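The values are calculated or read from the model by the stated rules, or taken from the named source; none is laboratory data. Because the structure is a prediction, the values reported are computed rather than measured. Every residue, glycine among them, receives a Cβ derived from its backbone with ideal geometry; neighbour counts consider all protein chains shown. Only protein heavy atoms, including side chains, enter the accessible area calculation; ligands, DNA and RNA are left aside. Shrake-Rupley method; radii C 1.70, N 1.55, O 1.52, S 1.80 Å.
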Amino acid sequence: MKIWISENLKKKNHYAATVLLPVLGSLLLAIFLITGSIFLSAYLDLPMEILSFVVCVAATVLLIWAAAGTGRRSLRDALVFCQDRNGDIYISDARKYASFHRGIFGFVTMAFKTQKILNNMLASGGVLEKYLSQERSLQGLEPRILSVEKLKENRKTYSMICHVELPGNRLSRQTYVFSKGYDNEKELLHALELLSSGSVHAEVRENRNPAYIILSTAVLILFVFLCICSHPAVALLPTGIYFPCLGAAFLAVCLLVCFAVRQHRGE
């Protein structure tokens with residue numbers, strides 16, 4: 001019986017602080033940037049329009065970066081891998097046991113609730129140990145990994161495509177992305193790699209993502225060019241096609257991001 005958890009949880013469970021403090025810090029910094037730009041513009045007599053645009057872009061990038069990092073840490077700390085006496089590996093996400101709440105206070109409540117659930121799950125003689133010591137283990141309660149189709153290492157994360165047995169005896173092909181930083185991580189990866197040997201579920205699929213990325217990029221460049229030429233300030237093309245081309249460019253960006261994410265995850 002083995003349980004693999006985040007190294008952060010092994011030291012002490014500060015899940016709520018790990019999730020909430022980066023979010024609060026990035027929000028305060030964004031507010032400081034926006035407020036500071038107003039005073040800076042008035043003091044130095046700078047163009048407010050240009051400065052506001054630059055600050056808004058910087059604040060947006062900051063918030064997205066902070067949200068992405070917090071999401072990775074949150075998933076790593078909440079995602080627990082465990083192996084029973086029969087060698088079956090299960091995946092448990094503690095966040096799904098925290099009831100959903102809306103709004104900022106709901107987000108805070110869910111973070112502290114998840115921290116409490118993790119304490120109950122991982123304590124010595126806790127919920128996980130009790131279930132793993134039983135004959136049926138976590139079967140029917142948590143996803144059981146049947147085979148690993150692909151395990152890809154990225155710079156900060158691992159992407160795993162696997163076939164699992166979900167609660168209710170439902171079979172599914174799932175993709176899990178989990179951050180590096182697990183206790184006994186090499187042992188966990190070795191156990192997952194053993195499930196990919198001779199897998200009856202594994203199949204070789206042609207990777208068409210690079211072709212789709214190139215095609216989406218070409219379409220995006222085309223519609224950006226049409227937007228520039230049809231803009232009223234340029235007027236090389238009829239201005240009536242500006243907004244349709246703008247919408248098509250946005251759609252191309254969405255497709256490009258989608259295929260890029262799929263390529264990064266190894267799907």
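In percent, rounded to a whole number, the relative contact order of the chain is 16, using alpha-carbon pairs under 8 Å and six or more apart. For the chain, the longest principal axis of the C-alpha atoms and the axis of helix 48-78 are separated by about 10°. Between the range 99-162 and the range 28-85, how many Å separate their Cα centres? Spelled out, the Cα-based centre of one part sits 28 Å from the other. Note on the chain: semi-axes of the ellipsoid equivalent to its C-alpha gyration tensor, largest first and rounded to whole Å, are 43, 28, 14. In the range 40-132, the portion of solvent-accessible area held by carbon and sulfur atoms comes to 66 percent [1.4 Å probe, whole percent, DNA, RNA and ligands not counted]. Residues Glu142, Glu185, Glu129 ordered from highest to lowest accessible area at a 1.4 Å probe: Glu129, Glu185, Glu142.
Relative to the longest principal axis of the Cα atoms of the chain, the long axis of helix 103-122 lies at roughly 20 degrees.
Among the listed pairs Lys10/Lys152; Lys150/Lys180; Lys10/Lys186; Lys12/Lys152, those whose Cα-Cα separation exceeds 20 Å are Lys10/Lys152; Lys12/Lys152.
In the context of the full set of protein chains, the chain has a per residue accessible area of 61 Å² (1.4 Å probe). In the chain, the calculated helix contribution to ellipticity at 222 nm averages -19000 deg cm²/dmol per residue, counting -39,500 (n - 2.57) for every DSSP H run with n ≥ 4.
May I ask you to derive the FRET efficiency for Ile104 and Ala58 from their Cβ-Cβ distance with R0 = 25 Å, giving the value to the nearest 0.05?
Efficiency at R0 = 25 Å is approximately 0.65.
For Lys11 and Asp93, a Förster radius of 25 Å and the Cβ-Cβ distance give a FRET efficiency of 0.75, rounded to the nearest 0.05.
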